[in-house]
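Have a look at the structure below, then the notes.
The values are calculated or read from the model by the stated rules, or taken from the named source; none is laboratory data. This is a predicted model, so every value here is computed, not measured. Positions of Cβ are generated from backbone atoms using ideal geometry, with glycine treated the same way; all protein chains shown enter the neighbour counts. Accessible surface areas use protein heavy atoms only, side chains included; no ligands, DNA or RNA. Shrake-Rupley method; radii C 1.70, N 1.55, O 1.52, S 1.80 Å.
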Amino acid sequence: MEQPYLSIVVPVYNEESNLAPLMERLYPVVKATGRTFEILFTNDGSRDRSLEILRTLVDEYPGVKVIEFNGNFGQHMAILAAFEMSLGRIVITLDADLQNPPEEIPRLMTEIEKGYDVVGTIRQKRQDSLFRKLASRLVNITTNKMTGMKMSDYGCMLRAYHRNIIDNINRCGESTTFIPALAQTFASKPTEIEVSHAERAAGESKYSLYKLIRLNFDLMTGFSVVPLQLFALCGIITSVLSLAFAIFLLIRRFIVGAEVEGVFTLFAILFFFIGIIIMGIGIVGEYVGRIYQEVRKRPRFVVRRTYGFDE
Ligand code: UDP
Ligand code: MG
């Protein structure tokens with residue numbers, strides 16, 4: 001089979017009104033590069049007409065391929081499935097909602113051709129809610145601190161990867177992961193460029209607050225054990241402080257006698273520590289849960305059918 005130069009990877013979940021406008025902008029850009037290419041869409045269990053539209057795109061545009069999932073396995077699994085089936089020397093990921101302008105693709109390609117193996121992007125004038133922007137900033141700072149990696153914008157999915165990186169990612173087989181961070185661990189020469197960012201063209205974000213929190217837990221626990229270490233540290237500090245407090249009470253007992261007031265203050269302090277303990281059990285649980293998922297070795301995603309691949 002002929003190896004295309006460029007693979008474009010697009011995860012799709014309920015994006016029926018965005019697919020046609022996306023192709024109208026994406027296809028001319030990719031065509032204009034003059035390179036051989038393939039465009040891989042993963043239909044991540046959409047409940048709207050997305051799959052139907054994608055199948056017409058396969059017939060209409062040469063080079064379009066569709067992977068149909070058996071259900072909703074999430075954006076990152078959708079991208080990983082396409083990575084496994086991609087053939088390009090350069091692989092570029094992109095959202096289906098036109099938040100990432102396809103016109104930026106040639107700039108990403110140029111960076112890979114210069115010799116960089118991962119091209120990250122920083123969203124200029126990001127068009128998202130204030131809450132999302134603030135939360136992202138917090139996630140970016142803590143992730144960099146915890147993992148020792150350096151990336152300005154973990155959330156932006158318009159990214160380019162060299163084939164070597166994709167091959168390494170394909171060897172991982174993790175079932176909970178965060179692709180930009182995973183790629184960064186394999187990168188020997190990463191770079192970042194600024195790209196423009198638009199508001200979602202149609203439909204609404206597929207990430208509820210809950211899904212967003214789950215995803216960020218994947219990012220935090222998947223790439224570092226610092227949360228566990230911080231928690232252990234917290235425990236040590238607490239026990240030292242309470243020992244000091246106990247000694248203080250003992251001495252006080254000899255000098256002024258036993259104390260009776262302040263029972264509720266004691267409750268307040270107690271509840272605070274109980275809170276910390278529960279949080280700690282939760283953090284441990286997050287790791288145990290992930291270990292359990294990996295140990296079970298269930299398939300990460302199930303492909304029902306593919307379209308446009310030469311069988
Ligand atoms: N997506 C997906 N599966 C999901 C959630 C999202 O394939 O379970 C796709 C979605 O169709 C879009 C991309 O991932 O192409 C980014 O999703 P979205 O725009 O909703 O995220 P946001 O921009 O709000 O972070
Ligand atoms: Mg979006």
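Do we find a residue being surrounded by 11 or more Cβ atoms within 10 Å (Cβ to Cβ), touching a helix residue (DSSP H, G or I) at 6+ places or on another chain (Cβ under 7 Å) and farther than 30 Å from residue 17 by Cβ anywhere in region 194-201? Within region 194-201, none of the residues are surrounded by 11 or more Cβ atoms within 10 Å (Cβ to Cβ), touching a helix residue (DSSP H, G or I) at 6+ places or on another chain (Cβ under 7 Å) and farther than 30 Å from residue 17 by Cβ.
For residue 142, the conditions (1) under 22 Å from residue 131 (Cβ atoms); (2) hydroxyl-bearing (Ser, Thr, Tyr); (3) within 16 Å of ligand 1 (Cβ to nearest atom) all hold with the exception of (3). The single condition among (1) modelled with pLDDT of 90 or more; (2) open to solvent by 30 Å² or more (accessible area, probe 1.4 Å) that residue 216 does not meet is (1). Checking each residue in region 129-142 for being under 17 Å from residue 205 (Cα atoms), open to solvent by less than 80 Å² (accessible area, probe 1.4 Å) and either touching an Asp or Glu at 6+ places or on another chain (Cβ under 8 Å) or aromatic (Phe, Trp, Tyr) (or both) picks out only 136.
If you go through region 226-275 and keep only what is among the β-branched types (Val, Ile, Thr) and surrounded by 13 or more Cβ atoms within 10 Å (Cβ to Cβ), you end up with 226, 238, 269. Apart from one condition, residue 7 fits all of (1) away from ligand 2 (no atom under 16 Å from the Cβ); (2) assigned to a helix (DSSP H, G or I); (3) polar (S, T, N, Q); (4) open to solvent by less than 10 Å² (accessible area, probe 1.4 Å); the exception is (2). Could you please let me know if residue 221 is more than 16 Å from ligand 1 (Cβ to nearest atom) and not small (Gly, Ala, Ser)? Criteria met by residue 221. Within region 169-182, the residues that satisfy the criterion of being open to solvent by less than 40 Å² (accessible area, probe 1.4 Å) and more than 13 Å from residue 219 (Cβ to Cβ) are 169, 173, 175. Taking first residues from region 181-208 that are on the phi < 0 side of the Ramachandran plot and partners that are within 14 Å of ligand 1 (Cβ to nearest atom) and among the aromatic types (Phe, Trp, Tyr), the Cβ contacts under 7 Å between residues at least 6 apart in sequence or on separate chains come to 181/154; 206/13.
Considering only region 185-193, I want to know if a residue exists there that is over 30 Å from residue 20 (Cβ atoms), assigned to a helix (DSSP H, G or I) and either away from ligand 2 (no atom under 16 Å from the Cβ) or open to solvent by 30 Å² or more (accessible area, probe 1.4 Å) (or both). Within region 185-193, one or more residues are over 30 Å from residue 20 (Cβ atoms), assigned to a helix (DSSP H, G or I) and either away from ligand 2 (no atom under 16 Å from the Cβ) or open to solvent by 30 Å² or more (accessible area, probe 1.4 Å) (or both). Evaluating residue 209 against the criteria (1) open to solvent by less than 70 Å² (accessible area, probe 1.4 Å); (2) of a type outside the set (Ser, Thr, Tyr); (3) at pLDDT 85 or above leaves one unmet condition, (1). Just the residues that are touching a residue at least 40 places away in the same chain (Cβ under 8 Å) and either within 16 Å of ligand 2 (Cβ to nearest atom) or touching a helix residue (DSSP H, G or I) at 6+ places or on another chain (Cβ under 7 Å) (or both), please, taken from region 31-45. 33, 37, 40, 41, 42 - these are the residues of region 31-45 that are touching a residue at least 40 places away in the same chain (Cβ under 8 Å) and either within 16 Å of ligand 2 (Cβ to nearest atom) or touching a helix residue (DSSP H, G or I) at 6+ places or on another chain (Cβ under 7 Å) (or both). The set of residues from region 145-168 being assigned to a helix (DSSP H, G or I) and within 14 Å of the chain's Cα centre (by Cα) is empty. A Cβ distance below 7 Å, combined with a sequence gap of six or more or placement on separate chains, defines the contacts here; from region 8-20, residues that are aliphatic (A, V, I, L, M) reach residues that are open to solvent by 20 Å² or more (accessible area, probe 1.4 Å) in the pairs 8/37; 12/46; 19/53; 20/53. Candidates are the residues of region 76-106 that are within 11 Å of ligand 1 (Cβ to nearest atom) and of a type in the set (Asp, Glu); the one that is least open to solvent (accessible area, probe 1.4 Å) is 97. Scanning region 123-140 for residues that are more than 15 Å from the chain's Cα centre (by Cα) and among the hydrophobic types (A, V, I, L, M, F, W, C) yields a count of 3.
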